[in-house]
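See structure below.
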Amino acid sequence: MINEYLAVWRLRCRACNVTTTGLKWMVLLALRGGPTCPACGSHEVTAQDPATGTAIAFPRPLAPPVEWWRCCSCGGTGVDAYGDMCPHCAGLGHCP
């Protein structure tokens, strides 16, 4: 059985299409910006596990910010001062 933490991932650059043997999974996770292409230095790299075919595209897309407003009556808790569901936001914690 191959230890998934020690398996070497294959790197493919999407900019210059160079494929190389890559990094171990734990080293890949430690890189904040992701791996770079050894040929052109691009960050547009796809890492693939040769055993399972699992792939991760770098750079990872950032999650969009969530627009959320706190309830002006309960302060975002969803309950009023008595512990009941806030009638203003119906217990959701944000103004409708």
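Read the figures in this text as sums done on the coordinates, not as results from a lab. Small disclaimer: the values here were computed from a predicted structure and weren't measured. Positions of Cβ are backbone-derived with ideal geometry, glycine not excepted, and every protein chain shown enters the neighbour counts.
Of note:
- Distant-in-sequence amide contacts of VAL45, defined by a placed amide H-H separation under 5 Å and a gap of 5 or more residues or a different chain, comprise ARG14, PHE58.
- Take each peptide in 38-44, 80-86, count the other Cβ atoms within 10 Å of every residue, and average; sorted highest first, the result is 38-44, 80-86.
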